[in-house]
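The values are calculated or read from the model by the stated rules, or taken from the named source; none is laboratory data. Only a predicted model underlies this, so the values are computations on that prediction, with no experimental measurement involved. Cβ atoms come from the backbone with ideal geometry, glycine included; neighbour counts cover every protein chain shown. Accessible surface areas use protein heavy atoms only, side chains included; no ligands, DNA or RNA. Shrake-Rupley method; radii C 1.70, N 1.55, O 1.52, S 1.80 Å.
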Amino acid sequence: MTTIFTTKKLEKIIKKRIDNQVIEIENIFGKWNASVLFIAKKKCLLFVNAKTFYSVIISRFTVKDLAKIDTLFLENFYAQLNFEKIKVDFNKLDENIGSLRFHQTDNDKKITGIINYNISKLNYFKYEYAIFNSEVIREMTKKLNSTPFKQLGWKIPNELMNEIIKGNCT
């Protein structure tokens with residue numbers, strides 16, 4: 001089971017999926033935080049892992065997709081890992097992610113700052129591209145995941161995610 005804390009903006013969109021039960025973080029990735037953003041006037045969901053600051057984007061999200069958000073997250077996470085050449089077995093990744101449980105914001109200022117930073121970088125990156133498709137979104141996300149962070153000791157999110165996956169999902 002994967003715990004995802006939402007921003008207030010995302011909470012309004014997916015209020016049917018918000019869980020108010022006791023929070024248990026029971027997988028190797030720890031908790032994730034999520035927000036909503038718009039790229040080329042299309043609603044996208046940005047997920048950021050709290051341990052590694054690794055980002056995953058679900059593009060062109062609609063409320064109809066809410067029923068299959070678990071699958072969408074897993075598929076986009078797997079596709080992003082493959083795009084960044086991080087080797088992972090899909091079934092083991094699926095085992096470790098499990099189902100998604102959304103919760104109201106945990107007011108983690110550090111992660112909220114990272115999400116806001118990533119959104120501003122995405123807004124900057126979008127001027128480099130004439131069109132927006134899933135390949136471009138993956139490339140933009142790869143740039144986010146290749147940015148070192150002081151909070152991580154100047155380590156890079158995709159390298160930290162690779163270490164977690166090598167130890168548990170290969």
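Have a look at Tyr78, Tyr124, Tyr117 and point out the one that is more than 17 Å from the chain's Cα centre (by Cα) and of a type in the set (Phe, Trp, Tyr).
Tyr124
Residues that are under 24 Å from Pro148 (Cα atoms), touching a strand residue (DSSP E or B) at 6+ places or on another chain (Cβ under 9 Å) and hydroxyl-bearing (Ser, Thr, Tyr): does the range 93-102 have at least one?
no
Taking only the range 105-164 into account, find how many residues are aliphatic (A, V, I, L, M) and farther than 16 Å from Glu84 by Cβ.
Qualifying residue count for the region: 8.
Can you tell me which of Ala34, Ala67 is of a type in the set (A, V, I, L, M) and out of contact with any strand residue (DSSP E or B) (no Cβ under 6 Å at 6 or more places or on another chain)?
Just one listed residue meets the conditions, Ala67.
Select from the range 19-29 the residues that are touching a residue at least 24 places away in the same chain (Cβ under 8 Å) and closer than 23 Å to Cys169 by Cα and write down the one among them that is least open to solvent (accessible area, probe 1.4 Å).
Going through the qualifying residues, I end up with Phe29.
Just one of the numbered conditions (1) of a type in the set (D, E, K, R); (2) in a helix (DSSP H, G or I); (3) closer than 20 Å to Lys155 by Cα is not true of Lys87; which one?
(2) is the only condition that Lys87 fails.
Return the residue satisfying two criteria in turn: it lies in the range 93-134 and is closer than 20 Å to Thr7 by Cα and of a type in the set (Lys, Arg), and of such residues it is surrounded by the fewest Cβ atoms within 10 Å (Cβ to Cβ).
Lys109
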